[in-house]
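Each remark here refers to the structure printed beneath this line.
The values are calculated or read from the model by the stated rules, or taken from the named source; none is laboratory data. Remember, predicted model here, so these are calculated numbers, not experimental data. Because the Cβ atoms are built from the backbone with ideal geometry, glycine has one as well, and the counts that use them run over all protein chains shown. For accessibility, only protein heavy atoms count, side chains too; no ligands or nucleic acids. Shrake-Rupley method; radii C 1.70, N 1.55, O 1.52, S 1.80 Å.
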Amino acid sequence: MNAEYERALGQNIRALRMKKGLSQEQLAAQLQVRGCDVTRSALAKIEVGQRHIYPDELRALRDTLGVPYEALFV
């Protein structure tokens, strides 16, 4: 993946998380409850574009944040 694109995706995820009033720890916990094994540390790396994101993680983020896929990629 393109590093610039990964940073933009991460920034969108961070903005959506903050809009919901969730900390990284809270979002990671909610993802884990949904069966998506993402730690707070992994989420932090995703948000700054240092870690790739997998399709199952995208789905869990979409469901947990209550947004359409398009909102993650804007």
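Table for the structure above
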read-out	value
Accessible-area composition of the chain, carbon plus sulfur, in percent [1.4 Å probe]	50 percent
Contour minus Cα-Cα distance for Val48 and Gln26 (0.36 nm per residue)	6.2 nm
Within-10-Å neighbourhood charge of Asp56 [Cβ basis; K, R +1; D, E -1]	0
Inter-label distance for Thr39 and Asn2, nm, one decimal - labels placed 7 Å from Cα along Cα-to-Cβ	3.1 nm
Sequence of Val38, Val33 from largest to smallest accessible area, 1.4 Å probe	Val33, Val38
Per residue value of the accessible surface for the chain (all protein chains in place, 1.4 Å probe), Å²	61 Å²
